[in-house]
Number of protein chains: 2
Amino acid sequence: MGGTPPLSPLAPAAFPDLPVIDGVEFATAQAGVKYKGRTDVLLVRLAEGTSMAGVFTRSATRSAPVLDCQAKIGSDGTGPAAIVVNSGNSNAFTGKNGIASTRAVTGAAARVLGIDEGRVFSSSTGVIGEPLPHERIVDKMEEMKAALSPDGIAAAARAIMTTDTYPKGASAEVRIDGQTVKIAGIAKGSGMIAPDMATMLVYIFTDALIDRNVLQSMVSATSDLTFNCITVDSDTSTSDTLLCAATGASGVRVTDKHTGFIDALHGVMLDLAHQVVRDGEGATKFVQIQVTGAASDADAKTHAMSIANSPLVKTAIAGEDANWGRIVMAVGKSGAAADRDRLSIWFGEELVADHGWRAPGYSEEACAAHMKGESIDIRVDLGLGGGTATVWTCDLTHGYISINADYRS
Amino acid sequence: MGGTPPLSPLAPAAFPDLPVIDGVEFATAQAGVKYKGRTDVLLVRLAEGTSMAGVFTRSATRSAPVLDCQAKIGSDGTGPAAIVVNSGNSNAFTGKNGIASTRAVTGAAARVLGIDEGRVFSSSTGVIGEPLPHERIVDKMEEMKAALSPDGIAAAARAIMTTDTYPKGASAEVRIDGQTVKIAGIAKGSGMIAPDMATMLVYIFTDALIDRNVLQSMVSATSDLTFNCITVDSDTSTSDTLLCAATGASGVRVTDKHTGFIDALHGVMLDLAHQVVRDGEGATKFVQIQVTGAASDADAKTHAMSIANSPLVKTAIAGEDANWGRIVMAVGKSGAAADRDRLSIWFGEELVADHGWRAPGYSEEACAAHMKGESIDIRVDLGLGGGTATVWTCDLTHGYISINADYRS
């Protein structure tokens with residue numbers, strides 16, 4: 001790469017203090033898969049009794065590790081498990097050799113840790129179309145086993161970074177029947193986008209005791225409201241992976257009736273999703289787009305994503321221009337139901353377009369002041385029904401072009 | 001506006017020499033709708049016997065003139081007709097007042113020219129959500145009537161520009177049964193995109209004698225292969241309009257059997273469509289994307305548009321980077337059928353990815369040389385069936401950000 005982008009202006013002040021999750025241990029190493037002088041491999045060991053759930057990219061050209069995870073995630077095993085992640089090479093579009101490389105890595109972890117290979121999940125992120133030098137990862141397995149520690153989650157968040165400008169973590173604690181259950185998660189990604197088509201990876205750990213099917217449905221539903229509601233530039237990666245491990249080490253059983261746990265899981269996932277958007281390439285504004293009054297929730301999300309992915313809307317926000325005409329355009333092109341004469345638009349608290357017409361006498365000053373802020377709130381009401389959706393994105397700036405066009409791979 | 005973008009580096013050397021089309025007269029005026037010191041209104045008078053056909057934006061928030069044109073275009077009238085176009089204000093998202101403004105303009109043209117208002121078609125392009133000062137256009141109608149001339153097409157192409165960096169025109173002549181039929185067309189648009197959400201407008205004139213239904217089906221089919229196959233940034237305007245007028249003044253009857261005429265019409269429309277892409281905001285490369293071997297033509301177009309609209313693909317091209325991994329990503333996310341292990345990709349003549357794997361020993365030098373050129377050819381073969389599509393786009397550069405974010409409206 002020709003250079004490293006500077007720290008996102010939307011970065012949090014520091015990596016959060018994450019709790020230890022009983023039953024989860026971490027180790028990282030410098031395998032030199034592509035990067036030099038930094039950690040690039042992560043090993044996670046999960047105690048016996050762990051339930052695993054996962055959500056993966058729907059790309060038709062998804063990577064070998066994603067295909068391997070998908071084949072394994074539905075099994076009912078609850079023996080010890082492991083996760084191996086490398087950065088620098090995504091092992092995507094690597095044909096049969098890619099599958100062999102994935103098996104070499106998961107097989108080595110299984111042997112070294114003495115666990116079933118069907119319980120070893122792997123992810124790879126970074127450049128695509130290059131053979132994965134899997135032996136460099138395999139060679140570090142014993143070293144990482146010896147270094148496993150419950151305290152390693154902050155180091156883990158750093159080892160999985162590619163073009164991220166900061167590591168991403170979030171946590172929550174929930175009281176259930178007088179006992180405490182903990183959730184901690186890490187993520188990587190500069191939106192769905194990066195110079196080498198690096199990707200989004202998310203790992204969430206909890207000591208709650210949860211049946212696999214219950215965990216999977218919780219994670220899938222929550223993912224639809226969090227990670228599936230963010231976009232930087234509409235480019236979906238070949239490697240997107242979210243894995244959630246419930247070790248059960250707290251002994252506290254959680255079912256789909258425990259709304260407090262589901263709310264906490266949602267909070268952790270939403271926090272991580274927002275951190276990914278805040279590290280969007282070139283981002284200078286964090287943007288929330290809320291659509292109400294749509295004919296259905298699905299229509300609301302179609303409109304919201306059409307607005308969030310519109311280059312004209314995103315450049316207007318970068319220019320601090322309350323250009324609601326571009327919102328009208330994005331609603332009009334989305335394909336979902338809309339009626340021009342029922343459409344209303346707010347920037348922050350300011351109603352700028354009211355039922356198909358420029359709102360009479362809206363305060364341009366109030367609008368301009370809102371656009372100068374770091375967080376932009378856009379609300380669109382379609383006046384058609386009860387459908388709602390909220391999505392998050394960032395602006396489109398010269399920084400995005402610099403990262404993706406000026407720096408040559 | 002904070003500034004005017006410089007002439008596109010992809011602009012043609014000069015405006016072409018367009019033939020006079022019998023039965024068509026043009027006049028332009030400086031009405032001061034928004035711009036000062038330039039023409040911004042166009043009046044076209046079409047002789048008795050003219051057949052009209054049109055293609056319009058499918059936006060759910062389309063403008064008042066588009067709705068008015070759509071209501072009129074299907075009628076069977078063949079009396080004299082007229083087209084009125086203004087730049088600087090799109091009369092979109094202007095509610096009931098917008099419809100009244102459109103009627104004021106078309107009504108004035110009908111009165112002044114003594115023709116049926118149902119045969120007066122209007123277009124407006126420019127800023128949206130602002131009331132159209134229609135009286136400024138109405139006030140120029142007599143002056144324009146007096147100035148009508150068969151020679152005014154080059155001036156017409158200039159009057160309809162908004163953020164275009166050059167006027168766009170194309171023509172063809174066809175021999176039918178020993179007689180000559182002429183086609184001439186003009187267009188405006190910097191892609192589908194512009195600072196004030198200006199839009200694409202196209203007007204095509206021929207002296208062929210063609211039934212309205214035949215003309216409409218020719219124009220619709222050809223539009224699907226030309227204007228509907230270009231994109232600058234996936235943002236579809238609220239005002240896109242294509243009108244085609246066949247005056248019949250040559251006396252040469254054309255039917256759907258005259259493939260020579262259809263080919264010529266296709267050539268004119270494709271030339272204008274390419275000129276629009278070459279004036280795409282910030283464009284430095286003209287890009288052709290050809291998809292073959294898809295399960296269907298529709299699938300091929302979905303893949304081609306997914307590639308053409310991918311910010312990662314477009315920034316890679318701007319950076320002269322033969323980043324075929326981003327092509328794989330765009331195919332994978334498109335939603336249309338694809339099989340990673342049958343996918344092959346060419347940049348220019350160079351096969352870079354062969355059946356799901358980096359092509360062994362492809363020439364990086366040949367690839368790099370191709371990427372440095374002004375015209376980039378990308379071909380993707382899916383290896384699944386006989387579906388094909390070709391689309392055209394431009395790269396995504398700092399110029400795009402500057403035009404849409406740095407220059408404030």
Inset, instruction - On a C-alpha basis, how far is the centre of region A:152-177 from the centre of region A:241-281 in Å? Whole number, if you could? - result: 11
Legend entry - Test item: A:304-316 mean partner chain Cβ contacts at 10 Å: 5
Legend entry - Placed amide H near B:Lys285: partners under 5 Å, 5+ positions off or other chain: B:Asp395
Inset, instruction - Indicate the gyration tensor shape class of region B:286-406 (rounded, prolate or oblate), computed on the Cα atoms with a ≥ b ≥ c the square roots of the eigenvalues: a/c under 1.5 is rounded; otherwise a/b larger than b/c is prolate and the rest oblate. - result: oblate
Legend entry - Calculated FRET value between B:Leu225 and A:Gln30, using beta carbons and R₀ = 60 Å, to 0.05: 0.65
Inset, instruction - Take A:Glu48, project a point 7 Å from its Cα along the Cβ direction, then tell me which residues of region A:84-116 have their backbone nitrogen under 16 Å from it. - result: A:113-116
Legend entry - Shielding by partners, peptide B:58-65 (average Cβ within 10 angstrom, other chains): 6
Legend entry - Candidates B:Glu281, B:Glu25, B:Glu142, ranked by Gaussian network fluctuation over chain B, Cα under 10 Å, top entry: B:Glu142
Legend entry - Shape of region A:290-359, Cα gyration tensor, a/c cut at 1.5: oblate
Legend entry - GNM flexibility winner over chain A from A:Pro65, A:Pro360, A:Pro80 (Cα, springs under 10 Å): A:Pro360
Inset, instruction - Within chain A, what's the longest run with no trypsin sites (Lys or Arg not before Pro) in a DSSP loop and at most 13 other beta-carbon atoms within 10 Å? Give the range, please. - result: A:59-256
Legend entry - Anchor B:Lys372: aspartates and glutamates whose Cα lies under 16 Å away (excluding residues fewer than 8 positions away in-chain): A:Asp406, B:Glu320, B:Asp321, B:Glu349, B:Glu350, B:Glu364, B:Asp395
Legend entry - Exercise: per-residue mean of other protein chain Cβ atoms within 10 Å, A:392-401: 4
Legend entry - Proximal aspartates and glutamates relative to B:Lys333, as straight alpha-carbon distance under 12 Å, when same-chain residues fewer than 8 apart are discounted: A:Asp235, A:Asp240
Legend entry - Among A:Thr238, A:Thr226, A:Thr259, residue whose mean-square fluctuation peaks in a GNM of chain A (springs only between Cα atoms under 10 Å): A:Thr259
Inset, instruction - Give, rounded to the nearest 20 debye, the magnitude of the charge dipole that the protein assembly as shown has about its Cα centre when Lys and Arg contribute +1 at Cβ and Asp and Glu contribute -1 at Cβ. - result: 180
Inset, instruction - Return the loop-located GluC sites (Glu not before Pro) in region A:358-409 (DSSP other than H, G, I, E, B) with at most 12 other Cβ atoms within 10 Å of their own Cβ; answer none if there are none. - result: A:Glu374
Legend entry - Pairwise label distance in nanometres, A:Asn97 with B:Arg111, each label 7 Å out on the Cα-Cβ vector: 7.7
Inset, instruction - Kindly give the semi-axes, whole Å and largest first, of the ellipsoid equivalent to the protein assembly as shown, taking each as the square root of 5 times a Cα gyration tensor eigenvalue. - result: 54, 29, 21
Legend entry - Label 7 Å beyond Cα on the Cβ vector: B:Ala368 copy-to-copy distances, nm: 4.9
Inset, instruction - Put a label point 7 Å from Cα along the Cβ direction on A:Thr78, then list its distances to the equivalent points in the other copies in nm, shortest first. - result: 8.2
Legend entry - Alpha-carbon centroids, region A:116-130 and region A:305-374: separation in whole Å: 42
Inset, instruction - Would you list which lysines come within 16 Å of B:Lys140, measuring only between C-alpha atoms, while excluding same-chain residues fewer than 8 positions from it? - result: B:Lys34, B:Lys36
Legend entry - For chain B: rounded, prolate or oblate by the Cα gyration tensor [a/c cutoff 1.5]: prolate
Legend entry - Estimated inter-spin distance, A:Glu349 and B:Ser363, nm [label 7 Å along Cα→Cβ]: 6.6
Legend entry - Label geometry 7 Å along the beta-carbon vector: A:Thr390 inter-copy distances in nm: 4.9
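Each reported figure results from applying straightforward, stated rules to the coordinates on display, with no laboratory input. From a predicted model like this one, the values you see are computed outputs, not experimental measurements. Cβ sites come from the backbone with ideal geometry, for glycine too, and all protein chains shown count toward neighbours.
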